[in-house]
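Visitor: Dumping the structure here so I can ask a few things about it.
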Amino acid sequence: MEVVWNLTRQIKNKTTIPQLIGKKPILFLTNNFTTDLKDKNDFEDKLEEIFNEALGAGNVFLVIDNFARLLLVAQQFEVNLTEIMEPYLSGVSGQIIALADTEYFHSLIENDKSLMAYFEVVKTKALMLDEIVEIIGREALIAETTYEILFTYPAILEVAKSADYYFPDGVSSDKAKDLLTELSPWAVENGFEIVGKNEVLQYVSEKTNIPIAAITESEKEKLLNLENLLMKRIVAQREAVFAISSAIRRSRAGIRNENRPIGSFLFLGPTGVGKTETAKALAAVFFNDEK
């Protein structure tokens with residue numbers, strides 16, 4: 001989507017190729033379109049109506065978000081999506097940009113030769129950290145005006161890092177935007193006029209229930225006595241308990257490789273010796289919740 005926004009800015013500023021000057025991008029939100037469809041006829045009629053109106057205008061290019069979902073829904077209704085789109089794809093009056101995650105492209109779209117014949121594949125690489133920071137910097141300017149707060153650069157950098165590290169699902173730039181969107185009203189509610197790195201870590205810690213902010217006195221006490229706290233529930237498994245406790249302490253002290261898990265453990269033993277109970281005990285003691 002960031003590529004589409006950049007293209008749109010170039011069209012608006014008339015810095016793109018002459019053939020695109022004056023073109024109007026229209027975003028087709030697949031999720032909205034597929035929410036209330038009744039049957040096959042409903043799907044076909046509404047889709048054809050949209051294509052006729054948008055591409056019939058002559059100065060519009062259609063941007064289809066989540067193209068894979070449109071294909072999936074078409075399959076559910078037993079609709080040949082390529083046949084519906086073919087008259088519009090083969091014409092010269094309009095253009096279509098379809099967006100898809102790499103995983104779904106390979107599993108759903110790539111092998112559809114008749115559909116692929118109409119599209120040029122453009123693969124976008126995952127954004128680097130400095131590129132995500134630039135995007136979040138622009139979003140932060142909007143949030144500052146809306147909420148009358150100030151984001152420091154370390155805060156913006158931490159939003160970009162934390163979004164990728166603590167929220168595994170999704171695309172890094174999108175996750176970072178979502179995190180900033182949630183963080184802004186939270187900062188206002190908690191009376192923060194200036195949002196720095198510590199405030200970002202505090203919010204992420206509250207949202208994930210993962211202790212990542214500066215170590216408090218109570219957490220320090222818990223870390224120092226982690227073995228004893230765990231062994232209140234775990235009997236006769238000192239080796240496992242000590243290995244886990246050491247890994248947790250190293251992590252909170254910052255002595256770890258951030259590109260690797262805090263620790264990977266394989267618990268072996270017959271039923272009833274405490275394998276599952278050890279995991280539950282750690283969750284309950286350190287994260288305050290077995291779940």
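The values are calculated or read from the model by the stated rules, or taken from the named source; none is laboratory data. This structure is a prediction, so every number in the text was calculated from the model and none was measured. Note that we place each Cβ from the backbone using ideal geometry, even for glycine, and neighbour counts take in every protein chain shown. SASA here: full protein model, heavy atoms, side chains in, ligands and nucleic acids out. Shrake-Rupley method; radii C 1.70, N 1.55, O 1.52, S 1.80 Å.
Visitor: Could you count how many residues in segment 75-123 are over 26 Å from residue 42 (Cβ atoms) and assigned to a strand (DSSP E or B)?
Guide: Number of matching residues: 1.
Visitor: May I ask you to say which residue of 47, 62, 27 is touching a Gly at 6+ places or on another chain (Cβ under 7 Å) and not in a loop (DSSP other than H, G, I, E, B)?
Guide: Values: 47 fails: touching a Gly at 6+ places or on another chain (Cβ under 7 Å); 27 fails: touching a Gly at 6+ places or on another chain (Cβ under 7 Å).
Exactly one residue qualifies, and that residue is 62.
Visitor: I need the full set of residues from segment 25-42 which are under 23 Å from the mean Cα position of the chain (by Cα), more than 15 Å from residue 1 (Cα to Cα) and surrounded by 15 or more Cβ atoms within 10 Å (Cβ to Cβ), in order please.
Guide: 33, 34
Visitor: Based on what the data block shows, is residue 255 within 29 Å of residue 180 (Cα to Cα) and touching a helix residue (DSSP H, G or I) at 6+ places or on another chain (Cβ under 6 Å)? I'd like the intermediate steps shown before the answer.
Guide: Values: within 29 Å of residue 180 (Cα to Cα): yes; touching a helix residue (DSSP H, G or I) at 6+ places or on another chain (Cβ under 6 Å): no.
When the stated conditions are applied, residue 255 does not pass them.
Visitor: Just one of (1) over 30 Å from residue 95 (Cβ atoms); (2) surrounded by 13 or more Cβ atoms within 10 Å (Cβ to Cβ); (3) of a type outside the set (Phe, Trp, Tyr) trips up residue 146, so point out which.
Guide: Checking residue 146 against (1) over 30 Å from residue 95 (Cβ atoms); (2) surrounded by 13 or more Cβ atoms within 10 Å (Cβ to Cβ); (3) of a type outside the set (Phe, Trp, Tyr), the one that fails is (2).
Visitor: A further question follows. Take segment 215-252 and flag every residue that is open to solvent by 40 Å² or more (accessible area, probe 1.4 Å) and in contact with an Asp or Glu (Cβ under 7 Å, 6 or more places away or on another chain).
Guide: Residues satisfying the conditions are 233, 242.
Visitor: Report the residue count in segment 259-291 for those that are within 31 Å of the chain's Cα centre (by Cα) and not hydroxyl-bearing (Ser, Thr, Tyr).
Guide: Summing the residues that are within 31 Å of the chain's Cα centre (by Cα) and not hydroxyl-bearing (Ser, Thr, Tyr) in segment 259-291 gives 20.
Visitor: A follow-up question, please. Would you tally the residues in segment 241-287 being of a type in the set (Phe, Trp, Tyr) and assigned to a loop (DSSP other than H, G, I, E, B)?
Guide: First, pick out the residues of segment 241-287 that are of a type in the set (Phe, Trp, Tyr): 242, 265, 267, 286-287.
Add one more test, that the residue is assigned to a loop (DSSP other than H, G, I, E, B), and what stays is 265, 267, 287.
Of the residues in segment 241-287, 3 are of a type in the set (Phe, Trp, Tyr) and assigned to a loop (DSSP other than H, G, I, E, B).
Visitor: Still on this structure: Every residue in segment 263-291 that is touching a residue at least 60 places away in the same chain (Cβ under 8 Å) and of a type in the set (S, T, N, Q), please.
Guide: Hit for segment 263-291 is 288, nothing else.
Visitor: Same structure, new question: Could you list, in sequence order, all residues of segment 253-291 that are open to solvent by less than 90 Å² (accessible area, probe 1.4 Å) and of a type in the set (Ser, Thr, Tyr)?
Guide: Scanning segment 253-291 gives a single hit, 278.
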